[in-house]
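S.K.: Let me give you the structure first, and then I'll get to my questions.
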Amino acid sequence: MDKLITLTLAGTRLDAAPAANSERTRLIYDRLATIYPLSTFFFHSRAHAHAVDAAGIRDGMSVLEVATGSGEMFRRLVARNPNGATIGIDLSPNMAARTQRMARRRFPYARTHCKAVDARHMPFRDDSFDALVCCYLFELLAAEDIELTLREFRRVLRHRGTFALVMIGQNVEFFNQLYKVANRVAPAFWGRQVEHRVPELIQSSEFRILSDRTLRQSGYPSRVLVARK
Ligand SMILES: C[S@@+](CC[C@H](N)C(=O)[O-])C[C@H]1O[C@@H](n2cnc3c(N)ncnc32)[C@H](O)[C@@H]1O
């Protein structure tokens, strides 16, 4: 009961700013698939590199990336895991197709597969993956969908599997103010910052947090958490 109350309260605070509408999110990201790599180049690549290291991704693993976007992190994962299996999903069919195409082009012999799938209901068996990586997705999900998605993450990860989560940091006040404006203008694209509340939800979902690091790239703050099932 206590846990339920905590989650409900956390949900209320998370949704002080409106969460994205997933149909609009899919449409927007579908349209941006070709130019989205710029955002990785300028803002996300440092956090991606740290997440791969901190999650201990190595060759031979079975790895799932959730919300691949245009596939920059996905290719980083395949480069680390050329003889394992690297699976990706994204809500946007154009993002998923681009991720698949670029990975196949660069790593024609690796086992890679990327499909348009909603993270809230994933078509994988229980205990399928050694590691799961998810970057900048939770900002776009409603509070109850973050909880649902964390349950899916736990379900598809094997016993003692690792989970790396990258979120937009909330440790830079000026950036937070800008983000609030961005959320009002285009919530389905920007989402809202959730970094402060999510660690509690991760622990409530029976993951143990192993490492936690905040970093910045071109002024854009990110927080990288690694947890174990
Ligand atoms: C901010 S982008 C981040 C992309 C990439 N992970 C990165 O680090 O640059 C968010 C991505 O999440 C995807 N997305 C949004 N809602 C989703 C859902 N319910 N299931 C799977 N992917 C989703 C979007 O289509 C978009 O590609």
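S.K.: When the Kirkwood hydrodynamic radius is evaluated over all pairs of different C-alpha atoms of the chain, what value in angstrom, to one decimal, is obtained?
M.R.: Values: mean 1/r = 0.0571 Å⁻¹.
That comes to 17.5 Å for the chain.
S.K.: Could you tell me the calculated FRET efficiency between Asn176 and Asp212, based on Cβ-Cβ distance and R0 = 22 angstrom, to the nearest 0.05?
M.R.: Details: r = 19 Å, r/R0 = 0.86.
Taking R0 as 22 Å, the efficiency between Asn176 and Asp212 is 0.70.
S.K.: Also, I was wondering about something else. Just to confirm, what accessible area per residue do you get for the chain at 1.4 Å probe, in whole Å²?
M.R.: Normalised by residue count, the accessible surface of the chain is 47 Å².
S.K.: Let me ask something else about it. Mind ordering 173-185, 108-120 by average Cβ neighbours within 10 Å, highest first?
M.R.: Taking the mean over residues of other Cβ atoms within 10 Å, the ranking is 108-120, 173-185.
S.K.: Of Leu38, Leu165, Leu140, which is the most mobile in a GNM of the chain whose springs link Cα atoms less than 10 angstrom apart?
M.R.: Most flexible of the set in this elastic network: Leu38.
S.K.: Could you tell me which residue out of Ile28, Ile87, Gly161 lies farthest along the dipole of segment 2-228 toward its positive end? Charges go on the beta carbon: Lys and Arg +1, Asp and Glu -1, centred on the Cα centre.
M.R.: Farthest towards the positive pole: Ile87.
S.K.: Roughly to the nearest percent, how much of the accessible area of the chain is carbon and sulfur, given a 1.4 Å probe?
M.R.: C and S atoms contribute 55 percent here.
S.K.: Here is a follow-up. Per-residue ellipticity at 222 nm for the chain, helices alone: DSSP H runs ≥ 4 residues times -39500 (n - 2.57), over residue total, nearest 500 deg cm²/dmol?
M.R.: -12000 deg cm²/dmol
S.K.: Enter the Cα centre distance for the pair segment 182-229 and segment 25-67, rounded to the nearest angstrom.
M.R.: With segment 182-229 and segment 25-67 each reduced to a Cα centre, they are spaced 14 Å.
S.K.: Please give the charge dipole size of the chain, origin at the Cα centre, charges +1 on K and R Cβ atoms and -1 on D and E Cβ atoms. Round to the nearest 20 debye. Intermediate values should be presented prior to the final figure.
M.R.: Details: 34 positive and 23 negative charges, 143 e Å.
The calculated dipole for the chain is roughly 680 debye.
S.K.: When every alpha-carbon pair in segment 107-229 is counted, what percent end up more than 17 Å apart?
M.R.: So the pairs more than 17 Å apart make up 60 percent of the total in segment 107-229.
S.K.: Right, another one. Among Phe42, Phe207, what's the order by accessible area (1.4 angstrom probe), most exposed first? Don't skip to the end; give the middle numbers.
M.R.: Working: Phe42 100, Phe207 10 Å².
Largest accessible area first, the residues go Phe42, Phe207.
S.K.: Right, something else. In the chain, with Lys and Arg counted as +1 and Asp and Glu as -1 at Cβ, which of these residues, Phe189, Gly69, Phe175, has the Cα nearest the positive end of the dipole, that is, farthest along it?
M.R.: Gly69
The values are calculated or read from the model by the stated rules, or taken from the named source; none is laboratory data. None of the values given here were measured: they were computed from a predicted structure. Don't worry about glycine lacking a Cβ; one is built from the backbone with ideal geometry, like all the others, and counts go over all protein chains shown. All accessible areas refer to the heavy atoms of the entire protein, side chains included, with ligands and DNA or RNA removed. Shrake-Rupley method; radii C 1.70, N 1.55, O 1.52, S 1.80 Å.
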